[in-house]
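Below: the structure, in structure tokens.
The values are calculated or read from the model by the stated rules, or taken from the named source; none is laboratory data. Computed from a predicted model, the values in this text were never measured in an experiment. Quick reminder, even Gly has a Cβ in these numbers, built from the backbone with ideal geometry, and neighbours come from all protein chains shown. In case anyone asks, the SASA skips ligands and DNA or RNA and just uses the protein heavy atoms, side chains included. Shrake-Rupley method; radii C 1.70, N 1.55, O 1.52, S 1.80 Å.
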Amino acid sequence: MRVVKKASVRKNEILDVAERLFGTKGFDSTSTNDILNEIGIARGTLYYHFKSKEDILDAMIQRMTDGLVKKASGIAEKKTMPVLERLTLMMLALNVDNDLGHEIMEQVHKPQNALMHQKMQQRLLTGIIPIIASLIEEGTSQGICQTDYPAEVAEMTLLYSSTVFDVLTEHSEEERQKKIAAFVYNLERLLGMERGSMQKAIIPIFQGAKVDRE
């Protein structure tokens, strides 16, 4: 007897299987037939929800981006934690740390997927900037920092961290420390803070503190 599932349930099932296959086999090595065989559905059912394998990847990016925004929001709401620590933990929480995430990022950075990369970046900016801006405003109200452009500083911080922090492990320790120091120094200037005022809050996090990703 054929099992009929709600469209939303079936769509998420397809995405779950595709995520697992993309993460283990790679995007290029996974075919739509692999996905069909894994789930046990007809091709017409797959194409009812997604036009192509690239369309599946795009939906995965949307789901992953939504998850990152949710994590960032959860960190921002931890009022018992100092605002500067929350800001830094948010930056680190935006990094992918699993095979699937790295596979997706590898795909979106390919020249032929430039539009997909742009869409992913725009989704992140739209969802995360207001959260970062609210933390900056909270810091301003506490007299910790001073800026007339919280949203713009949030955008600059996000764009820098989303490109640099993802590849920190690819650098030597000397290069890694230099990039971290540069990030802290420039963020202090953007936020109108004295040099070194963010060291105590931020540096320990880069030195091994684990981000709560639950």
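At a glance:
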quantity	calculated
Given (1) modelled with pLDDT under 80; (2) of a type outside the set (A, V, I, L, M, F, W, C); (3) within 30 Å of GLY143 (Cβ to Cβ); (4) in contact with a Leu (Cβ under 7 Å, 6 or more places away or on another chain), number of the condition LYS179 does not satisfy	(1)
Check on THR169, modelled with pLDDT under 90 and hydroxyl-bearing (Ser, Thr, Tyr)	yes
Residue check for ALA133: assigned to a helix (DSSP H, G or I) and either farther than 16 Å from LEU92 by Cβ or modelled with pLDDT under 80 (or both)	yes
Segment 110-153, residues that are more than 14 Å from the chain's Cα centre (by Cα), over 20 Å from GLU85 (Cα atoms) and open to solvent by less than 80 Å² (accessible area, probe 1.4 Å)	LYS110, ASN113, ALA114, MET116
Considering residues of segment 1-43 that are among the β-branched types (Val, Ile, Thr) and in a helix (DSSP H, G or I) only, the residue most open to solvent (accessible area, probe 1.4 Å)	THR24
Residues satisfying the stated conditions in segment 175-196, i.e. within 21 Å of GLN146 (Cβ to Cβ), surrounded by 15 or more Cβ atoms within 10 Å (Cβ to Cβ) and out of contact with any Cys (no Cβ under 6 Å at 6 or more places or on another chain)	PHE183, VAL184, LEU187, GLU188, LEU190
Test: residue in segment 69-90 that is over 20 Å from LEU191 (Cα atoms), at pLDDT below 90 and surrounded by fewer than 17 Cβ atoms within 10 Å (Cβ to Cβ)	no
Residue count, segment 44-57 (criterion: closer than 30 Å to ALA93 by Cβ and open to solvent by less than 30 Å² (accessible area, probe 1.4 Å))	3
Selection status of MET105, hydrophobic (A, V, I, L, M, F, W, C), open to solvent by less than 20 Å² (accessible area, probe 1.4 Å) and at pLDDT below 80	no
Selection count, segment 70-91, where residues are of a type in the set (Val, Ile, Thr) and farther than 13 Å from SER134 by Cβ	2
